[in-house]
Ligand SMILES: *Cc1c(COP(=O)(O)O)cnc(C)c1O
C-alpha cells in the first residue's frame, strides 16, 4: 500500500467508537461493504437485521422509518420520494388488473390523477365516493373493490369524515373474501398528532412528510406506515421492485424537523383556529371550512376522533363576489404568499374552483381560497388579511 491513491481509499484509520450527538449520523451509500461472503449471501435487509445496499436502507433511513412509525402509532414504515409517490406506491402494491379502487371525491387531487392517468391503462378502474356518506361508500363497493382510500379531512374543502364508520363499511363488505379490502388513510393533515390513525381502524397510514415532519418547505418525502406484517411486506416488496429511494440529506432534514413537529403543529393549530373564527365574521365570506369550527362539515366527527386541527382553513366567498375580485384579494396579501404545499414557516394561500376538481358536485356557488398558516405572529397575519379584504368589494 505505498501508492497514494490506494492508501487514501483504503486508509487504515478508524475513528473511536461511541460517538453520540443530538442528530443521528448521516450515512451515505450505494455500495455497502460485507464482512465476508457468507454475510453477502445471507444478510436480509427486509427485517432490518443487516445492510446490503444503499437502496435497501442505511442507519439513517432505518432511524427515520422507526421515528415515523412511532409518530403514527404504527410498527412499520416505508419511505418514498414524495407524498404522491407514497400514494402511488400503495396503489401499485395492492391493485392488479381487474381490481377497482375507491377514492373520496374530496381526496388529494394528484392521487386521483394517478388513478385516471396510469391505473386505468393497466385495467384497474376507480370510482369516487362521498366521504361524508358511509352509505354511498357501501353502495359503491363491488366484488372488484380491492383498496379504499380515506382522507381526514378532505383536501381543499376540509370536511371531516366519520372514519370509524367508513372503516366499518369496508370491514363488513370484506367479510368472507379471500383478499380482504385494504383501507389506506392519507394522514398528511393529522400527521400522527391530530389523531391516531390506527385507533380509527385503518390498515395503512400515508403521509406527505413534505408537510409537517419536514416543516421547512424545502424537502419532498412520503411514508407508508402499517401495523400489520403482511401488509408491510406487500408495500416493502413493491417499493424494492420499483427501486424507490430517498436521499439521505433529505432524511437528515426530516429527522431534524421531527424534533419540533409537536410544538410547531400546536402553534400553527392555535393561530389557525383564531384566524378561521375571525375570517368567518368578515363581510363577503359565505362559510369558513375548518374542522374545529362548529358548523364546518364533519365538526362532530372531528370533536369525537381528533385532538388538534392543523394549519389549514378554507373560505368560500359569497356567490356575488367575482373570481376577479377573489384573485385581487389574494394578490393584495403581503405576508401570505401564493404557492402549493403547507406546514412550512411561511403562510400561503391559493384560490380554487372547487366544481372543477369534484365529480360528485359541490354546494357552493362562490369561489374558494385555501389558507395555510405558517409560523408568523398571528396578529400580523390577521392585519394582512384585514388590509386585503376590501379588495373583495371592488
Ligand atoms: C401534499 C400532499 C400530498 C403529496 O405530497 P408531495 O410530497 O407534495 O408529493 C399528498 N396528500 C396530501 C393530503 C397532501 O397535502
Residue among 64, 71, 40, 79 that is over 26 Å from residue 137 (Cβ atoms) and outside the structural domain of residue 187 (by TED's automatic domain parsing): 40
Answer with yes or no whether residue 292 is surrounded by fewer than 18 Cβ atoms within 10 Å (Cβ to Cβ) and modelled with pLDDT of 95 or more. no
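Hey, any hits in region 245-268 for a residue that's in a loop (DSSP other than H, G, I, E, B), within 13 Å of the ligand (Cβ to nearest atom) and over 30 Å from residue 135 (Cβ atoms)? Before you say what the answer is, go through the steps one by one.
Filtering region 245-268 for residues in a loop (DSSP other than H, G, I, E, B) gives 245-247, 259-260.
Those left that are additionally within 13 Å of the ligand (Cβ to nearest atom): 246.
Filter again for over 30 Å from residue 135 (Cβ atoms), leaving 246.
There is at least one residue in region 245-268 that is in a loop (DSSP other than H, G, I, E, B), within 13 Å of the ligand (Cβ to nearest atom) and over 30 Å from residue 135 (Cβ atoms).
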Give the residues of region 1-36 that are closer than 30 Å to residue 241 by Cα and surrounded by 10 or more Cβ atoms within 10 Å (Cβ to Cβ), sorted by residue number. 24, 25, 26, 27, 28, 29, 32, 34
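Among the listed residues 275, 293, 338, which satisfies the condition of being touching a residue at least 24 places away in the same chain (Cβ under 8 Å) and in contact with a strand residue (DSSP E or B) (Cβ under 9 Å, 6 or more places away or on another chain)? It would help to see each step written out before you state the result.
Working: 293 fails: touching a residue at least 24 places away in the same chain (Cβ under 8 Å); 338 fails: touching a residue at least 24 places away in the same chain (Cβ under 8 Å).
Of the residues listed, the single one that is touching a residue at least 24 places away in the same chain (Cβ under 8 Å) and in contact with a strand residue (DSSP E or B) (Cβ under 9 Å, 6 or more places away or on another chain) is 275.
Would you confirm, using the coordinates I've provided, whether residue 39 is in a helix (DSSP H, G or I) and exposed (fewer than 15 other Cβ atoms within 10 Å of the Cβ)? Give the derivation first.
On the way: in a helix (DSSP H, G or I): yes; exposed (fewer than 15 other Cβ atoms within 10 Å of the Cβ): yes.
Yes; evaluated as a whole, the condition is true for this residue.
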Listed by range, helices (runs of 4 or more DSSP H) wholly within region 70-169 having at least 2 residues that are more than 16 Å from the ligand (Cβ to nearest atom) and in contact with a helix residue (DSSP H, G or I) (Cβ under 8 Å, 6 or more places away or on another chain) are 83-94, 134-140
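The values are calculated or read from the model by the stated rules, or taken from the named source; none is laboratory data. Keep in mind it's a predicted model, so treat the numbers as computed, not measured. Positions of Cβ are generated from backbone atoms using ideal geometry, with glycine treated the same way; all protein chains shown enter the neighbour counts.
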